[in-house]
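Trainee: One structure, pasted below without further comment.
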């Protein structure tokens, strides 16, 4: 991945309504547009029994107070990806814009029916919490950071329903990344594709001790590295922030990983994705999951750090008066972005999926054909 920078001129803007379906032997990654939130779907290649393993990381926000409904947006992509059930679910941390689609909310004026959960049902007209699992409650494992210090209604619902359901479904493993010894937990997605937990609860792979500066919920976020035997690497960092913490992760990974795609931390915020982190990890492409917000996400500092990297936003807008954006026209897709990876080869393709926007904006239709170590080139 060391040989070239990615130029926007090599991107092809296509008039094709729907990108061609990925091959059955491909790894599919969906960077889901959930507005100001985060969600990633990973679908492994077809195995001998014709099953394709799936992993969903986070599920956007609650659909109340006028915010995009994470559960509905994620389910739309699951339907498009022909995923009728999930094998694995991972919640990076307990912030509402990451876990909202997994839990429910009471009816409000802006959402008279309340928000539904992708994973279980809850009848607000009854006492208690039934937690009846839906078809998307995972079949193999559900992963979180254990019982955190910060409390919220969403966090309480998760910590109530997950143990309740897994108790009656003992084949589903509930993995709490609540100590450093559990870092490096891996998920086999088939044909040599592994999703490996490389940070979480303030711990970093290769380090037996919790990082001293990791005390906030964002700093405790789980990070996941997805790798193929063909050499493709995709890093999801959730809301991971803090230069010292990020650099510790980069020091551990950069020894063995040539990163193709980085899912930037904390929606492109100024306190994540530092220049030193990008310099060590050397990604070819960066994805920023963001929507319209008042938090200055993404920040110009992030684009300065990514000045030699193609940065693709799911939605939202670019920072104002930022030369790093003016000098290089990074794209806002206004929709979900799919990556198709040849798990045994060295090529991958990036597409924007039409009609997947979390807002009223029209999705920009583009495709990019990429080669590991040689960046992205003009698609047909």
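Trainee: Helix 70-80: angle to the longest alpha-carbon principal axis of the chain, degrees 0 to 90, nearest 10?
Mentor: Once rounded, the angle reads 60 degrees.
Trainee: Let me ask another. Report the calculated FRET efficiency for residue 209 and residue 178 (r = Cβ-Cβ distance, R0 = 25 Å), to the nearest 0.05.
Mentor: So, using R0 = 25 Å, E works out to roughly 0.95.
Trainee: Take peptides 78-91, 221-234, 240-253 and line them up by average Cβ neighbours within 10 Å, highest first, as a rough protection proxy.
Mentor: Most protected by this proxy first, the peptides run 221-234, 240-253, 78-91.
Trainee: Moving to a separate point now. State whether the chain is rounded, prolate or oblate according to the following rule on the C-alpha gyration tensor (a ≥ b ≥ c being the square roots of its eigenvalues): a/c under 1.5 gives rounded; otherwise a/b larger than b/c gives prolate, and the remaining case gives oblate.
Mentor: Because its axes are fairly even, with a/c under 1.5, the chain counts as rounded.
Trainee: Counting alpha carbon pairs within less than 8 Å and at least 6 residues apart, what relative contact order, in whole percent, applies to the stretch 234-380?
Mentor: The normalised contact order for the stretch 234-380 reaches 15 percent.
Trainee: In nm, give the distance between the simple-model label positions of residue 294 and residue 169, each being 7 Å from the Cα along the Cα-to-Cβ direction.
Mentor: Output for this residue pair reads 3.8 nm.
Trainee: Quick one: which of 289-298, 357-366 comes out on top by average Cβ neighbours within 10 Å, and what's the full order, highest first?
Mentor: Packing proxy ranking, top to bottom: 289-298, 357-366.
Trainee: Among bridges DSSP assigns within the stretch 8-378, what percent are antiparallel (round to 5)?
Mentor: Percent antiparallel among DSSP bridges in the stretch 8-378 is about 70.
Trainee: Quick check: from the Cα gyration tensor, does the stretch 237-315 come out rounded (a/c under 1.5), prolate or oblate?
Mentor: Judged from the Cα gyration tensor, the stretch 237-315 comes out prolate (a/c at least 1.5, a/b above b/c).
Trainee: Please rank 98, 174, fewest neighbouring Cβ atoms within 10 Å first, as an exposure proxy.
Mentor: 174, 98
Trainee: Just need the relative contact order of the stretch 8-378 here, percent rounded to a whole number, with Cα pairs under 8 Å and 6+ apart.
Mentor: 17 percent
Trainee: For helix 243-253, report the angle its Cα long axis makes with the longest principal axis of the Cα atoms of the chain; keep it between 0 and 90° and round to the nearest 10°.
Mentor: Tilt relative to the chain: about 70 degrees.
Read the figures in this text as sums done on the coordinates, not as results from a lab. Keep in mind that this is a model prediction, so the values were computed, not measured. With ideal geometry, Cβ positions are generated from the backbone for all residues, glycine too; neighbour counts draw on all protein chains shown.
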